[in-house]
Each structure stands twice: as structure tokens, then as C-alpha cells.
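What follows is a set of notes on a single structure, which appears directly below.
The values are calculated or read from the model by the stated rules, or taken from the named source; none is laboratory data. These numbers come from a predicted model, not from an experiment. Cβ placement follows ideal geometry from the backbone for every residue including glycine, while neighbour counts extend to all protein chains displayed. Each accessible area value is taken on the protein alone, full model and side chains, heavy atoms only, with ligands, DNA and RNA left out. Shrake-Rupley method; radii C 1.70, N 1.55, O 1.52, S 1.80 Å.
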Amino acid sequence: MIYVCLTHDVDRVRKTYQYFTHTAKYLLHGQVKRAIKSLAKLFAKESPYWGFDEVIRIENQYGVKSTFFFLDESAKIRPWSPKSFKLAAGRYKVTEKKVANIMRYLDQNGWEVGVHGSYYSYNNINLLKKEKQLIESVIGHSVSGIRQHYLNWNEHTWNYQSQAGFQYDSTWGFTRNLGFKEGHIKPFKPLQDKAFVEIPMTIMDSCFEADIERWDKLELFIKEIDKQDACLVINFHTNNFDEIDFPNYKSNYIRLIETLQQRAAKFITMREAVCLMSDV
């Protein structure tokens, strides 16, 4: 059986400095129409990086549900650190009315809500607990899973996640490549004598878009997943459904769903995957 977990990291819900940096880039490459369309979005009612409406529309069309990992970033902005500005771009709070409302809508209509652990939380159990409790306060019940922002991880992360009350993590994967990290295809239990499960991520949107052999590799992944009754975990960020800044991402997401449905794949949330794979 081919099990598929569609997931979405919610890194940002609004476009900020990208209005100007992307527009400048498009002009530099002679893409005048694209530059105009990008800048025009500045005056639109909805941020092009909101993404939720489009994801919901697509998944409803194909009768599938996914897992959304929401981020509550608290890293401080440091003038001497360019990375800190990147972490701040489009930052949101899960308690914002609009964000809280979409979280509740997803949770109440068959999607799963999880935690996208903030940049430094992979090595901070108190921060993990705080972020978990905050999202739980919004949706009104406990959450099961987490994926760390930027896939940050060290030898303490799984222990901290487990101690914070998470049942599973899905950080184990590549930031620049497709495939099975260190050969892990099936979910596995990284901690002795604990039920905590790691569900490896196989496909991330930016890696998929950059790989010219992506569709051939997908066929190989499908064969391995089918052989082992494992889970194919796919991650498409919600802001990447903006077709001006991220052309082909949405069409590739749709094609992935269609290809996997043609293979009779069963689409499940990450929480459902933990229950199915409880004997790993």
C-alpha cells in the first residue's frame, strides 16, 4: 500500500520585503510584465502569500486532507545578522484573529494542525512546550506533531520534543535534495522505550522544483514506499502557492496528487500515519 501524507509548513502568511526584492529581480532579468504583476499585488486585498484558500480548494477538489505546521517565531532581529531579518519577514502570531480563524477552520474540517517549531526551539525544551501550548490554546485541544523550522535538529531534539508532549516529528529530511535521508523510508522510533515516532520527509517543494529528474525520482519513491507499506511525506509551503513568485509549484502539487491517485495511493494526515505505523 502507498500511503501519502501531504503537509504544509506555514513559514509566513504575508509578503513583505519580497514585493521590492522580487520586483527588482524580475526587472533585472527583463521580466517587465512579471515585475508589474508582482508589485501590483501590494495593493491587493489579500496577501499573495496567504495560500490557505488555494490549498483548501485544491485538496477539496481531489478529496484529500493534509497537515499544516504553524510557526510562532520568536527569534530576535539582530542588525548584524542578515538571517535574523529573513526569519522576521512575513512573521505572524498564531493568535492573530485571521490566523487563529484559519487554524480552527482547518482543524474542524478534517485537516490536521501541528507545530512548526521556531528556529531555535530544536534545542530548547521550554520553547517547544510554549509553542505547543500556544497552538493548543487556539484550537482548543492537544496537537500531536511537529516539524522544525529550516529542519533544524541535533542529538537532543527528539528527546526534547517527546518530553514536550509530541507524539511524532517530521524533521528528518533534506533541505536541498529529494529522497530518503540515511535510507530511512518507513517511520521509525528514535528513542528507546518510547512511543515517539519520526516520520521522514521525502519531498520538499523547492527541492522538487529544482530537480530536473523529479518525476523519474517520484516513480522510484513510489515503488519503495509501496514495497514497504511506508509513508510518502510531501511538504509544500503555503506561501509557495503564489504563481508569480513561485511558478509551477501549484501545478506540480496538483500533478503529484493526480499521479499518486492514479497509483491508488491512500492519503492520510500525519496523525493518522502515527496510528497506522504504531508497530514500527
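Observations on the structure shown:
Yes or no, residue by residue, for (1) touching a residue at least 24 places away in the same chain (Cβ under 8 Å); (2) touching a strand residue (DSSP E or B) at 6+ places or on another chain (Cβ under 8 Å); (3) aliphatic (A, V, I, L, M); (4) assigned to a helix (DSSP H, G or I):
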| residue | (1), (2), (3), (4) |
| --- | --- |
| 9 | yes, yes, no, no |
| 14 | yes, no, no, no |
| 20 | no, no, no, yes |
| 26 | no, no, no, yes |
| 35 | no, no, yes, yes |
| 41 | yes, no, no, yes |
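- Pair list, Cβ under 7 Å, 6 or more apart: the range 108-126 residue outside any loop (DSSP other than H, G, I, E, B), other residue acidic (Asp, Glu): 113/107; 115/131; 116/9; 117/131; 121/131
- Looking across the range 166-214, just one residue is out of contact with any strand residue (DSSP E or B) (no Cβ under 9 Å at 6 or more places or on another chain), acidic (Asp, Glu) and under 29 Å from residue 133 (Cβ atoms), and that is 193.
- Candidate set: the range 163-194, residues that are farther than 18 Å from residue 277 by Cα and of a type in the set (D, E, K, R); chosen: the one least open to solvent (accessible area, probe 1.4 Å): 181
- Hits in the range 100-134 (condition: over 17 Å from residue 169 (Cβ atoms) and crowded, with 20+ Cβ neighbours inside 10 Å): 102, 103, 106, 111
- Taken over the range 30-45, residues that are exposed (fewer than 12 other Cβ atoms within 10 Å of the Cβ) and touching a helix residue (DSSP H, G or I) at 6+ places or on another chain (Cβ under 9 Å) amount to 2.
- Residue match in the range 83-99 (condition: open to solvent by less than 10 Å² (accessible area, probe 1.4 Å), under 16 Å from residue 12 (Cα atoms), modelled with pLDDT of 95 or more and assigned to a helix (DSSP H, G or I)): yes
- Residue among 212, 203, 222 that alone is farther than 22 Å from residue 151 by Cα, out of contact with any Cys (no Cβ under 7 Å at 6 or more places or on another chain) and surrounded by 17 or more Cβ atoms within 10 Å (Cβ to Cβ): 222
- Some residue of the range 251-261 being open to solvent by 20 Å² or more (accessible area, probe 1.4 Å), of a type in the set (A, V, I, L, M) and at pLDDT 95 or above: yes
- Single residue of the range 225-243 satisfying the filter (exposed (fewer than 15 other Cβ atoms within 10 Å of the Cβ) and touching a Phe, Trp or Tyr at 6+ places or on another chain (Cβ under 9 Å)) that is nearest to residue 170 (Cα to Cα): 229
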